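For reference, the structure discussed in these notes is given below.
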Amino acid sequence: MNSDWKEYIVSTPDVLKGKPRIKGTRIPVSLILGYLAAGKTAEEIIDEFPDITKEQIAACLNYARELSEFEVAV
């Protein structure tokens, strides 16, 4: 499942102090990534947060992947 994370992830200074979150929610991307890192499946995450979708979970992973590709000139 390949989703454009920009459709699903937002960051605004007035919500969660600007932390990236799933659009339309107060669920931070870091929370979803933490669940995935702990071995939770998308279905288990959705059971706990029924307002999110598999596409939004995939967007969190794509967001993290893109951040990990960021290079800093030294």
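The values are calculated or read from the model by the stated rules, or taken from the named source; none is laboratory data. Predicted model only: the values in this text are computed from it and were never measured. Every residue, glycine as well, gets a Cβ built from its backbone with ideal geometry; the counts of neighbours run over all protein chains shown.
Values computed for the structure shown
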| item | result |
| --- | --- |
| Selection from the stretch 48-74 of residues that are acidic (Asp, Glu) and part of a loop (DSSP other than H, G, I, E, B) | Asp51, Glu69, Glu71 |
| Residues within the stretch 19-66 that are of a type in the set (A, V, I, L, M) and either loosely packed, with under 10 Cβ neighbours inside 10 Å or more than 15 Å from Asp4 (Cβ to Cβ) (or both), tallied | 11 |
| Pairs, first over 18 Å from Ile57 (Cα atoms) in the stretch 1-19, second surrounded by fewer than 16 Cβ atoms within 10 Å (Cβ to Cβ) and modelled with pLDDT of 95 or more, C-beta under 6 Å, six or more apart | Gly18/Ser11 |
